[in-house]
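Report on one structure; see the data block that follows.
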């Protein structure tokens, strides 16, 4: 598909750049991004997108909304408080009445995942996947009406080698932390991560609970045009198991997601981003406002 050419080219560059090299050091913590006082103004950051998703060989118009907010989390029975960044990413395909929702809570200092919930409307109902910590371990819980995604509970085993542990579903925010690191090292650079696959990627639940060896490469892109205007951008390719997704982020802080093209045949471009009062505006995908 023509809209995957950039992702395929990014994958080829990653494979060439990795040939004959030792693994680079782990990505540094994304402290510049999460610790900025911008997030303490009591507002939501609301970004909207338009694009397309391929279904049955046809490109279906697609709309999306990403809402990011700061908060604090105090587990029941403790006095420990963790500063967090939470986000809701809702994608709608109006022609199919399709709707996918990701709700995630990340540590504000490192953007490590604390909890991720994803859901998708199906003809038979809803498919829901929850990722969360239980007794110190990350656990995947699946509830679905689909025969290929039977309900179940599986522990996620992250290799203990110090690499960043990243959920694909959290990339729209996690990558913004990595973009902030360009102040300390000039692109291009790459990091190796353990990447938990997208929980609505069509894999079996068991395979979706297995982290993949992935390479994330950051490069400076030319200015790109999206419906919101022209921006100087950073291009970030995420490659694993022979597939690559491409993301373009605003080169300026807070590195808003400008555009994405995924190996799953979805393209989204930014139409607007703003910080708004605590009551988020109406959801352009047709659902209820973010929590």
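Taken together, the values in this text are just the output of simple stated rules run on the coordinates, not laboratory data. Everything numeric here is computed off the predicted structure, so don't read it as measured data. Counting neighbours? That spans all protein chains shown, and the Cβs are built from the backbone with ideal geometry, glycine included.
Annotations for the structure displayed:
- Wholly enclosed strands (runs of 3 or more DSSP E) of region 133-206 bearing at least 3 residues in contact with a strand residue (DSSP E or B) (Cβ under 8 Å, 6 or more places away or on another chain), more than 28 Å from residue 252 (Cα to Cα) and touching a residue at least 12 places away in the same chain (Cβ under 8 Å): 137-143, 152-156
- Out of 211, 197, 187, 205, one residue alone is touching a helix residue (DSSP H, G or I) at 6+ places or on another chain (Cβ under 6 Å) and buried (at least 17 other Cβ atoms within 10 Å of the Cβ). It is 197.
- Odd one out for residue 38, checked against (1) in contact (Cβ under 8 Å) with a residue 24 or more places away in the chain; (2) loosely packed, with under 15 Cβ neighbours inside 10 Å; (3) under 30 Å from residue 265 (Cβ atoms): (3)
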